[in-house]
Amino acid sequence: MARPVWLGVAVAAGVLLAAAGENAWRSWRQPEDYIEAAGRVPGGLPFHLEERAAAAGLSFTHEGLRTTSALHPWDRRLFAYGASVAVADVDGDGWMDVYVTNSALGSRNHLFINRHDGTFRDESDRYGIGDVNRVQGSWRALFLDLDNDGKEDLVLTGVSGRPRVFMQRRGRFVEQPEEAFEAGDSSAINALDLDGDGFLDLVIGYTRPFDFDPEHPARFDIFNRSMQTSHMRPGRLRAYRNDWHGRFSPMPGLFPPNPVGVPLAVGVSDLDGDGRPYIHWAMDLSPRDRLFHLVAPGVLEPETGKMPRRHRLNSMSSEIADVDGDGQPLLYVTQIHDPGWQIGHNFLLKRLKDGRFVDVAERRGGAACGWSWGAKFIDLDLDGRLDLVVANGMISGRSDFRYRQGVLMQASAQRQVDIRNWPPFGDSSLSGYQRDCVFYNAGGRFVEVGREAGLTSLRDGRGVAAIDIGNDGTPAFLVANQGQPLELYVSKSARARRWIGFVLKPKRGPRDPFGARVVLALDDGRRLSTEVQPCNGYCAQSDPRPKFGLGGARPLWAEVRWPSGRRQRLDAPREGRYNAVEER
Amino acid sequence: MSRPRWSLPGLGDPRWAILAFLVSYDLYAIATPEFGRRPAQWAAGIGACLLSDLAFLRLRKVSLVPLSGLISSLGLLLLLDSPFVWPYALCGFLAIASKHLIRVDGRHVFNPLNFGCMTVLLLLPGWTTMDAGRWGNTSPLLITLVALGFLAAWRAKRLLVATAYLAVFFAGAWLRSQVWGAPMGTICAPATGAAFHLFAFYMITDPATTPDRPTAGLAFGGAVGLLDAALRQVEYRYAPLLALFLLCTAVPFWRRRSGQAPAHL
């Protein structure tokens, strides 16, 4: 009896040893196990990416908030946020400019003005929005025309402190004191006309129920009571009415006062095609995101139970696009996938007829991309199908902090809540050195091709913003990296690529075309559509001009549905350029 | 040929108390949305354990109600964390299979749940993990867990094993804080969480895989605590599970050396 038994024990031990060895082998041979398996594109990948930030004059390195207070040992963990990028035509010359935020006190944000030759010039001082971090660090920038004067104004949220408003007057931004906003950390911000008065209002999510001064913290219970349950402080969802000329007042009662979870991003889109937008809050540390439908001016209806429950409680991004060309946008929500530590998956959510959303990422790809943050649907090869770029990586450093954080997550809620009970973070690493992902749309299925495409950066990515630098349709995107340099990737191809774009100028309501939808009919029978919502995603504002890759097809006609609800048809729009469309 | 009669353990069997406590924890998990378990996962875990236990019992011509299988399945659903359904079924099957196939002198060598969890955690890191943070770890929960845990260990006649483990854990923590300078509060943080107490009072106190004699139980608990501390010092993330897994293999040796009678089940 004993011999076969010990044989069994030996086999069991062998299995475990083999498993451990296999893990070690896989880590060595395949260090990118946090990304789903790379795929092959039949016929080869039709584009490659070139990093050109420095060549384009976009030399910028983000600085995270650092304190001299008792919080200092945990600075890099507590303030691992603040890198963001905004693309907008700030000077009104028809070319896209770039604005990047900085978070350290005394650091400078940078406004890079497009020089029309593929390069940029730093003109932060001339416009007066460079030296803005003396009192509080910046987190998220949002350009929009607040007073309908045709010029882009700026709303800047902070890593603590109050969101700030900068109005553009005669080529210079002037800060307008605004007391209506509550103070607190905020990365979730978006704009839409909530009350139908023709001016863009703001929705802002705060990550804590209170604000605190990092340099002079009066309290240390500043982290969540538990990192994996709702036994934590809720965030705050707020709406602010734009009372013309960029003055704001709170719109109480639109959102629940104490929602479970931390809002990290907010996406806006007309998800059901009824002309009225939905507001999607990406609620981190919560089993479900929150969804609201603007059913009438100033009336938001909660879509309770429509968002799927998720296994992990993370949610960092809200990117929305009509990927399938059926007029039904897909919603991409990022999470954490770190084998052996946190097994979450990004959601690619499809709306069913009854209004519920189901996740199709496991089937269609895009599910696993490390500690994912910002995501953007971009047609990287202009074939008429949207691809997906995902930035990832939490904090890159020296020693691995994952075990120590795991230990802390086993501790009592009372212990977790006080940051002084945490092991010092120092220069540790937490799910860092992760490669960003490119999911190529191979006819409905997303295939990870990042390495093959040339996206090999291991930086801690946050926001991803699409941009057309030269107004020539060339796909490009910017990645804002936390504590690291800004990156600009330009899609190159030996093949001729065809495209068509639109510049929309609404006449009724807000001057920004946020909420407008363009449907493009092609001669191969396809109907492509896109909605102007440049502030979706995470910590990024993209080029607001609708643009379509054409592949081998020709455009027949386009239809614009304006935010006012009016529809306008364009026959035979011209490809290879941006077609200016003014609301009639 | 008459069908075998399935015998139900008597009410004095300590497993009833353990089962009752685990059922209450599982009900807490079901009622807590953040625990993140879906009905299909419960069905897969419990179903795999019960069915495989019944099948193995049948093969071994033993007619017992699979109480142990049920206990393993309830513990499995509290400890293992996966967004998928099938790892729960696989883990449950491996746990029960180890109980029936890896045996010395009529006793299984490994704690079934420990074996199942360690195997899938090592083999499937992209699909499974342990997430002790799911519990929320509030004070009333911890007090309840510790109180019921003491009761369960006492009923199983393994209170000394649990006590020895706890004593060595805290002694090891003190030693590590003295030698390596880490704050005692940080090292001891797991002891303020629910998963730690589930391990200390329910897993290492399994009567079938731990020594019966009090002194040996003390030594076993202490050894698990010592190895656990060493593995924690090198930041191995499944330290207590691996410590128990390795030391369980020593118990049959010790039983033979000490001349303990083999079990009949």
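The values are calculated or read from the model by the stated rules, or taken from the named source; none is laboratory data. All of these numbers come straight from a predicted model, not from anything done at the bench. Cβ atoms come from the backbone with ideal geometry, glycine included; neighbour counts cover every protein chain shown.
Tabulated results
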item	result
Flag for B:Leu226 being more than 9 Å from chain A (Cβ to nearest Cβ) and modelled with pLDDT of 90 or more	yes
Checklist (1) at pLDDT 95 or above; (2) away from chain B (no Cβ under 14 Å) applied to A:Lys353, failing item	(1)
Residue in region B:74-85 that is under 17 Å from the mean Cα position of the chain (by Cα), within 11 Å of chain A (Cβ to nearest Cβ) and either assigned to a helix (DSSP H, G or I) or crowded, with 18+ Cβ neighbours inside 10 Å (or both) present	yes
Filter result for A:Asp512 (in contact (Cβ under 8 Å) with a residue 12 or more places away in the chain, touching a strand residue (DSSP E or B) at 6+ places or on another chain (Cβ under 6 Å) and surrounded by fewer than 24 Cβ atoms within 10 Å (Cβ to Cβ))	no
Residues located in region A:209-259, provided they are modelled with pLDDT of 85 or more and polar (S, T, N, Q)	A:Asn242, A:Ser249
Failed item, numbered, when A:Glu32 is tested on (1) at pLDDT 95 or above; (2) within 14 Å of another protein chain (Cβ to nearest Cβ)	(1)
Residue within region B:177-189 that is away from chain A (no Cβ under 14 Å), under 22 Å from A:Gln405 (Cα atoms) and assigned to a helix (DSSP H, G or I) present	yes
Evaluation of B:Trp127 against (1) more than 7 Å from every other protein chain (Cβ to nearest Cβ); (2) outside any helix (DSSP H, G or I); (3) surrounded by fewer than 24 Cβ atoms within 10 Å (Cβ to Cβ); (4) among the aromatic types (Phe, Trp, Tyr) (one fails), failing number	(1)
Number of positions in region B:96-107 that are crowded, with 23+ Cβ neighbours inside 10 Å, within 12 Å of chain A (Cβ to nearest Cβ) and in contact (Cβ under 8 Å) with a residue 40 or more places away in the chain	1
Residue within region B:247-255 that is farther than 30 Å from A:Arg420 by Cβ, more than 14 Å from chain A (Cβ to nearest Cβ), assigned to a helix (DSSP H, G or I) and modelled with pLDDT under 85 present	yes
Residues satisfying the stated conditions in region A:282-299, i.e. surrounded by fewer than 20 Cβ atoms within 10 Å (Cβ to Cβ) and aliphatic (A, V, I, L, M)	A:Val295, A:Ala296, A:Val299
Number of positions in region A:518-556 that are touching a residue at least 40 places away in the same chain (Cβ under 8 Å) and under 30 Å from A:Ser138 (Cβ atoms)	17
Among (1) among the charged types (D, E, K, R); (2) surrounded by 16 or more Cβ atoms within 10 Å (Cβ to Cβ); (3) without any contact (Cβ under 8 Å) to a residue 40 or more places away in the chain, the one test that A:Glu319 misses	(3)
Every residue from region A:437-483 that is in contact (Cβ under 8 Å) with a residue 60 or more places away in the chain, of a type outside the set (Lys, Arg), in a loop (DSSP other than H, G, I, E, B) and farther than 27 Å from A:Leu142 by Cα	A:Ala442, A:Gly444, A:Val449, A:Gly454
Subset of region B:190-207 (residues that are assigned to a helix (DSSP H, G or I) and crowded, with 20+ Cβ neighbours inside 10 Å)	B:Pro190, B:Thr192, B:Ala194, B:Ala195, B:Phe196, B:His197, B:Leu198, B:Phe199, B:Ala200, B:Phe201, B:Tyr202, B:Met203
Top-ranked residue of region A:485-510 - restricted to ones that are modelled with pLDDT of 95 or more, part of a loop (DSSP other than H, G, I, E, B) and closer than 25 Å to A:Ala572 by Cβ, ranked as nearest to the chain's Cα centre (by Cα)	A:Pro506
Matching residues in region A:408-429 - criterion: being at pLDDT below 90, surrounded by fewer than 20 Cβ atoms within 10 Å (Cβ to Cβ) and in a loop (DSSP other than H, G, I, E, B)	A:Asp418, A:Pro424
Odd one out for A:Met409, checked against (1) among the hydrophobic types (A, V, I, L, M, F, W, C); (2) within 11 Å of chain B (Cβ to nearest Cβ); (3) within 30 Å of A:Thr474 (Cα to Cα)	(3)
Boolean, A:Phe255 is touching a residue at least 24 places away in the same chain (Cβ under 8 Å) and not in a loop (DSSP other than H, G, I, E, B)	no
Qualifying residue in region B:108-117 (condition: closer than 23 Å to B:Asp53 by Cα, within 7 Å of another protein chain (Cβ to nearest Cβ) and small (Gly, Ala, Ser))	no
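Yes/no matrix, rows are residues, columns are (1) outside any loop (DSSP other than H, G, I, E, B); (2) touching a Phe, Trp or Tyr at 6+ places or on another chain (Cβ under 6 Å); (3) surrounded by fewer than 20 Cβ atoms within 10 Å (Cβ to Cβ):
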{"position": "A:Thr67", "(1), (2), (3)": "no, no, yes"}
{"position": "A:Ala70", "(1), (2), (3)": "no, no, yes"}
{"position": "A:Trp74", "(1), (2), (3)": "yes, yes, no"}
{"position": "A:Gly82", "(1), (2), (3)": "no, yes, no"}
{"position": "A:Val90", "(1), (2), (3)": "no, no, no"}
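Rundown of residues vs (1) assigned to a loop (DSSP other than H, G, I, E, B); (2) surrounded by fewer than 23 Cβ atoms within 10 Å (Cβ to Cβ); (3) small (Gly, Ala, Ser); (4) out of contact with any strand residue (DSSP E or B) (no Cβ under 7 Å at 6 or more places or on another chain), yes/no style:
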residue: A:Ala375; (1), (2), (3), (4): no, no, yes, no
residue: A:Leu382; (1), (2), (3), (4): yes, no, no, no
residue: A:Arg398; (1), (2), (3), (4): yes, yes, no, no
residue: A:Gly406; (1), (2), (3), (4): no, yes, yes, yes
residue: A:Gln434; (1), (2), (3), (4): yes, no, no, no
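Residue by residue, here is whether (1) assigned to a loop (DSSP other than H, G, I, E, B); (2) closer than 20 Å to A:Pro485 by Cα; (3) out of contact with any Asp or Glu (no Cβ under 6 Å at 6 or more places or on another chain); (4) at pLDDT 95 or above holds:
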| position | (1), (2), (3), (4) |
| --- | --- |
| A:Asn102 | yes, yes, no, yes |
| A:Ser107 | yes, yes, no, yes |
| A:Gly118 | yes, yes, yes, yes |
| A:Gly130 | yes, yes, yes, yes |
| A:Ala141 | no, yes, yes, yes |
| A:Asn148 | yes, no, yes, no |
| A:Thr157 | no, no, yes, yes |
| A:Phe173 | no, no, yes, yes |
